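Have a look at the structure below, then the notes.
The values are calculated or read from the model by the stated rules, or taken from the named source; none is laboratory data. Because the structure is a prediction, the values reported are computed rather than measured. Because the Cβ atoms are built from the backbone with ideal geometry, glycine has one as well, and the counts that use them run over all protein chains shown.
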């Protein structure tokens, strides 16, 4: 079985692996991370743009590698509401038969030091690195890991939503 992950980010790859292994109990699986365009901004700034980024990643992964069993797109984004910014991600999974599962992570409030940098056009991961003195945090613990003092790391944060996106695949008679 081949599962294509529309990213080379190790956090996204590991969260897909965790979710699939937990739900489908797969043993003989080839997980393939590939770099594809989301066709949205580096920092999606709405629920719709973030969803479109995850969907575009799948579309582009299918074009690049058309013979996989599953395709997985994860796109992190921000939502501006009531003068605050919230971080979250969309996860979309599509199989070779066209069945699609979708889920969103939980959302969390970003501190004003971060949002001031975002308003200047800086991507969330880079803003985290500036404020917290880290490097490449988006491929490590991410904002969620930094802000929860490691209680929720970015891989676990995404993997719960991966599990939720797999619901249609294990409950096909309901969809």
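Does residue 21 satisfy the criteria of being modelled with pLDDT under 95, in a helix (DSSP H, G or I) and either buried (at least 22 other Cβ atoms within 10 Å of the Cβ) or out of contact with any strand residue (DSSP E or B) (no Cβ under 6 Å at 6 or more places or on another chain) (or both)?
Against the criterion (modelled with pLDDT under 95, in a helix (DSSP H, G or I) and either buried (at least 22 other Cβ atoms within 10 Å of the Cβ) or out of contact with any strand residue (DSSP E or B) (no Cβ under 6 Å at 6 or more places or on another chain) (or both)), residue 21 qualifies.
Tell me which residues, restricted to region 44-75, are touching a residue at least 60 places away in the same chain (Cβ under 8 Å) and in contact with a helix residue (DSSP H, G or I) (Cβ under 9 Å, 6 or more places away or on another chain).
68, 70, 71, 72, 73, 74, listed by residue number.
I'd like to check something: does region 68-75 contain any residue that is over 20 Å from residue 1 (Cβ atoms) and in contact with a strand residue (DSSP E or B) (Cβ under 6 Å, 6 or more places away or on another chain)?
Yes: region 68-75 contains one or more residues that are over 20 Å from residue 1 (Cβ atoms) and in contact with a strand residue (DSSP E or B) (Cβ under 6 Å, 6 or more places away or on another chain).
Looking at region 81-92, can you tell me whether even one residue there is exposed (fewer than 14 other Cβ atoms within 10 Å of the Cβ), modelled with pLDDT of 95 or more, in contact with a helix residue (DSSP H, G or I) (Cβ under 8 Å, 6 or more places away or on another chain) and farther than 19 Å from residue 17 by Cβ?
Looking through region 81-92, at least one residue is exposed (fewer than 14 other Cβ atoms within 10 Å of the Cβ), modelled with pLDDT of 95 or more, in contact with a helix residue (DSSP H, G or I) (Cβ under 8 Å, 6 or more places away or on another chain) and farther than 19 Å from residue 17 by Cβ.
Would it be correct to say that residue 161 is crowded, with 20+ Cβ neighbours inside 10 Å, in contact (Cβ under 8 Å) with a residue 60 or more places away in the chain and over 15 Å from residue 23 (Cβ atoms)?
Answer is no for this residue.
Among the residues of region 130-146 satisfying the criterion of being crowded, with 19+ Cβ neighbours inside 10 Å and without any contact (Cβ under 8 Å) to a residue 60 or more places away in the chain, which is farthest from the chain's Cα centre (by Cα)?
Applying the filter and picking the extreme gives 146.
Taking residue 171 and the conditions (1) buried (at least 16 other Cβ atoms within 10 Å of the Cβ); (2) within 24 Å of residue 16 (Cβ to Cβ); (3) over 12 Å from the mean Cα position of the chain (by Cα), which numbered condition does it fall short on, given that it satisfies the others?
(1)
Looking at (1) modelled with pLDDT under 95; (2) more than 19 Å from residue 163 (Cα to Cα); (3) surrounded by 15 or more Cβ atoms within 10 Å (Cβ to Cβ), which is the one condition that is false for residue 36?
Only one criterion in (1) modelled with pLDDT under 95; (2) more than 19 Å from residue 163 (Cα to Cα); (3) surrounded by 15 or more Cβ atoms within 10 Å (Cβ to Cβ) is unmet by residue 36, namely (1).
Within region 61-110, how many residues are over 17 Å from residue 155 (Cα atoms) and part of a strand (DSSP E or B)?
Total satisfying the criteria: 15.
Taking region 136-175 as the search range and keeping residues that are more than 22 Å from residue 85 (Cα to Cα), in contact with a helix residue (DSSP H, G or I) (Cβ under 6 Å, 6 or more places away or on another chain) and part of a loop (DSSP other than H, G, I, E, B), which one is modelled with the lowest pLDDT?
For region 136-175, the residue satisfying everything is 175.
Kindly check whether there is at least one residue in region 5-16 that is closer than 23 Å to residue 115 by Cα and loosely packed, with under 14 Cβ neighbours inside 10 Å.
no
Can you name the residue in region 24-54 that is assigned to a helix (DSSP H, G or I) and closer than 16 Å to residue 93 by Cα and is also farthest from the chain's Cα centre (by Cα) among such residues?
Per the criteria, the residue is 24.
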